[in-house]
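J.: Take this structure, written in structure tokens, and hold onto it; I'll ask about it next.
The values are calculated or read from the model by the stated rules, or taken from the named source; none is laboratory data. Everything numeric here is computed off the predicted structure, so don't read it as measured data. With ideal geometry, Cβ positions are generated from the backbone for all residues, glycine too; neighbour counts draw on all protein chains shown. Protein only, heavy atoms only, side chains kept; ligands, DNA and RNA dropped before computing areas. Shrake-Rupley method; radii C 1.70, N 1.55, O 1.52, S 1.80 Å.
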Amino acid sequence: MTILVSELEADYFNAIVGRRHAAQRPRRIAVRFGDGTEPQASECHPNAERWVKENPDHAVVRGWIMESHSEYCTMLAAHSLVRDAHGDLIEITPLRSVHTPFLEHVGSDATFLALLPRFNSIPWPPPTA
């Protein structure tokens with residue numbers, strides 16, 4: 001399967017993978033929203049947005065989790081978490097892996113969200129045949 005990307009998209013993902021050595025491991029915490037419900041798995045973007053709406057001293061942080069990495073390819077998945085009032089990254093969404101490395105998106109929310117319809121999850125570099 002070939003994944004077609006523009007030169008701008010290729011530059012973006014090359015930069016993300018180029019920063020893999022700077023990946024962070026956010027602190028995981030179990031939280032409940034104001035109505036007592038818990039964040040749902042696979043719903044990181046709405047979870048983070050809702051948490052920040054209920055906790056205005058926190059901020060949504062967009063980026064990519066590295067689901068796997070080898071010398072040939074890095075599997076990236078779009079992800080959102082939160083930054084607390086002290087500047088620490090906090091993972092509130094239940095994930096399969098406890099220590100998943102996170103690479104922060106550099107750029108606007110709009111740019112990140114525009115990538116999601118096509119690149120919610122992507123191997124980088126993508127297969128060529």
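J.: With θ taken as phi - 60° and the coefficients 6.51, -1.76 and 1.60, list the Karplus ³J(HN,Hα) couplings across region 60-74 in order, rounded to whole Hz; mark glycine and proline as x.
T.: Per residue, the Karplus-derived 3J(HN,Hα) values read 6, 10, 9, x, 9, 8, 8, 6, 7, 8, 9, 5, 9, 7, 10 Hz.
J.: Take the Cβ-Cβ distance between residue 54 and residue 7 as r, set R0 to 30 Å, and report the resulting FRET efficiency rounded to the nearest 0.05.
T.: 0.15
J.: Once neighbouring chains are kept in place and the probe is 1.4 Å, which whole percent of the accessible area of region 75-129 is contributed by carbon and sulfur?
T.: 59
J.: Same structure again: Compute and list, largest first, the equivalent-ellipsoid semi-axes of region 44-113 from the alpha carbon gyration tensor, each √(5λ) rounded to a whole angstrom.
T.: 22, 13, 10
J.: Additional query: Note down the magnitude of the dipole of region 1-79 about its Cα centre, charges +1 on Lys and Arg C-beta and -1 on Asp and Glu C-beta and zero elsewhere, to the nearest 20 debye.
T.: Around 340 debye, computed over region 1-79.
J.: Multiplying the sequence separation of residue 111 and residue 22 by 0.36 nm and subtracting their Cα-Cα distance, what value in nm do you get?
T.: Between residue 111 and residue 22, full extension yields 29.9 nm more.
J.: Send over a whole-number figure in Å² for the accessible area per residue of the chain, probe 1.4 Å.
T.: Using a 1.4 Å probe on heavy atoms only, each residue of the chain averages 58 Å².
J.: Can you give me the three principal axis dimensions of the chain from its C-alpha atoms, in Å, biggest first?
T.: That gives 48, 27, 26 Å along the principal axes, largest extent first.
J.: Tabulate in residue order the Karplus-calculated ³J(HN,Hα) for region 24-39, using 6.51 cos²θ - 1.76 cosθ + 1.60 with θ = phi - 60°, rounded to whole Hz; enter x for Gly and Pro.
T.: 10, 10, x, 6, 8, 9, 8, 10, 10, 6, x, 8, x, 7, 9, x
J.: OK, next. Can you pull the percent of region 1-71's accessible area that's carbon plus sulfur, 1.4 Å probe, other chains left in place?
T.: Summing carbon and sulfur atoms, their accessible area is 52 percent of the total for region 1-71.
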